[in-house]
Every structure is written in structure tokens, then in C-alpha cells.
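Beneath this line is the structure, given in C-alpha cells, with notes to follow.
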Amino acid sequence: AIHPAPFISQPVAAFWALVKLSWPENPQSGSMFSRAREAVSNLRKKDTPLEAQLKEATSRENWGCSTTILQEIAQATNDPENCELIFQFLWKIMEERNQKEWRRVVKSLTLIETILKHGSERAAEEIRRQQWRIQSGSMFSRAREAVSNLRKKDTPLEAQLKEATSRENWGCSTTILQEIAQATNDPENCELIFQFLWKIMEERNQKEWRRVVKSLTLIETILKHGSERAAEEHASWVGCCYRSPSTQIPCWKQHCCTVLLTSH
């Protein structure tokens, strides 16, 4: 029998009493010790907030992680130590070869895409250097699409243009539209903006009518608040507005562009 020494404190004595109750009849079986070893192996230091976020963002659960957490992890890459920790964690998952872990791989790819959009330049460089790790994730059939969707990090202006001309059934804030218009004062930005807009205006897919309407709305804002260079660029391409899917674009939108052009 096992008895605690007289000088052992009451909590420890209680522990020994529990051990006595669970002691195997056959000491050679070692069942208690195997369970104890498992419990000890599961003991670890408390996760930092960042480690907890990484585990939540790449869990095996069949639901996604909140955008807020993904963006907070992306912002954490501005700290060199955190950036290193994040990518050590992600690359370890990307090296996974167990097909059952496909959810973690896909979620890691989603996190990498968020880091490209909202993370530091250091993080973007790390992703470019380790592109082969990302490609290895495509061995998972369900991760191939996520790999193909990875792209270079958008500039703030590109992100604004995509938001202003999205396929969503709601509009964009006036603030963003006016910031894009002000960006036309820079010649390079002006060229980028109109290359983006004319590409949408040449769209022939009827399903893209929302993007065309939103592009027309953005052009109106540029004509009101943008540069002279932008007005000249629009004048040289004004016919493009009428090459859009006319059955889907309200006439007053097209008329408004012409009126604004003549009054600018």
C-alpha cells in the first residue's frame, strides 16, 4: 500500500489518496503510468495571444476564422519577431502531407493572402522567397483553388479601386470615391486608375453590369473632383461608356457622364 508521509501537506495527501484508488491491481500493466505520461506530454506553456490567434485561424474546424483575427495577425508581421513566429507556424502546416489536414492548409493559404493584403513588406518578401512552400500546398485537391487565388499584394489605391467597383449589391463610400479622384493628380496613379476602369468598361459579360455601373459612378466623381489630366483622359475615351451592355446600364448614367464632361 502507498501512504503519504506524515509531514506532507493536505493537498498532496489528497493526491496520493487518488493515486492509491487508481493504482492498477497488476503493477506490470502500467496503465496509470501511460496515462500519466500522456497527461504530462500535453502540458505546455500558456499560448501567447498571437499563438492563440494562429491556432484559431488554422484550426481543423469546418468553419472559417473572423476577418478581424486574420487582419490582426497580418498587422503583427510589422514586428520582426512576430513575423518570424507567424511564418514558422505557417510553413510547418504547408509542409503537411496528410490529406486529412486539407482544412488547415486551405486556412493557412487564406491567412497568407490576408498577410499579402494587409501585412508588412517584410512578410511579402518572405512569401515571395518561400513560394515553393505555397505551391506544395496544391497537392491537396481542395487547396488548389486557394493557391491559384494567391496574388501579389495590392497597393492602397488598387484596393480602393477594387472596393469601388466590386460585384457586391451595395455601393462604395463617397470618401473612397473622392480619394481615388484626388489620386488622379499623380500622373502614374491617373494612368493606373483609367487602365483599371477602361478594362471594366470593355466588359461584355451581362453579369458584370454592377461593376460597369459602379465604374460610371466613379468616373462621375473623378470628373467632379479629379485632375484636368483625368478629364482629358475621359474625353479621349468617352465613347467607351456607350460600349457597355446598354440593356443593363440606365440611360441617365450615360447621359450624366456626357453632361459632366461638357461642364467640367
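The values are calculated or read from the model by the stated rules, or taken from the named source; none is laboratory data. From a predicted model like this one, the values you see are computed outputs, not experimental measurements. No Cβ is skipped: glycine too gets one built from the backbone with ideal geometry, and neighbour counts run over all protein chains shown. Each accessible area value is taken on the protein alone, full model and side chains, heavy atoms only, with ligands, DNA and RNA left out. Shrake-Rupley method; radii C 1.70, N 1.55, O 1.52, S 1.80 Å.
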Check: Applying the Karplus parametrisation 6.51 cos²θ - 1.76 cosθ + 1.60 with θ = phi - 60° to the phi angles of region 99-110, what ³J(HN,Hα) value in whole Hz is obtained for each residue in order, glycine and proline being reported as x?
Finding: 4, 5, 9, 4, 5, 5, 5, 4, 5, 5, 5, 4
Note to self: Whole-Hz ³J(HN,Hα) for each residue in region 112-120, computed from phi via Karplus 6.51 cos²θ - 1.76 cosθ + 1.60 with θ = phi - 60°, x for glycine and proline: what do you get?
What the structure shows: 4, 5, 5, 5, 4, 7, 10, x, 7
Check: Listed here are the pairs 117/199; 199/224; 55/207; 55/117; 107/162; which of them are more than 30 Å apart at the Cα?
Finding: 55/207
Next item on the list: Could you please state how large a percent of the accessible area of region 83-130 is carbon and sulfur, counting protein chains only and using a 1.4 Å probe?
Entry: 44 percent
Next item on the list: Kindly write out, for region 54-70 in residue order, the coupling ³J(HN,Hα) from the Karplus curve 6.51 cos²θ - 1.76 cosθ + 1.60 (θ = phi - 60°), rounded to whole Hz, with x marking Gly and Pro.
Entry: 4, 5, 5, 6, 10, 6, 8, 5, 8, 10, x, 9, 5, 4, 4, 5, 4
Item checked: Positive-end residue of 67, 98, 78, charge dipole of region 40-115 with Cβ unit charges -> 98
Item checked: Calculated P(r) tail over 16 Å for region 158-243, as whole % of Cα pairs -> 46 percent
Notebook entry, point to check: How do the peptides 203-210, 80-87, 176-183 rank, highest first, by the average count of neighbouring beta carbon atoms within 10 Å per residue?
Noted result: 176-183, 80-87, 203-210
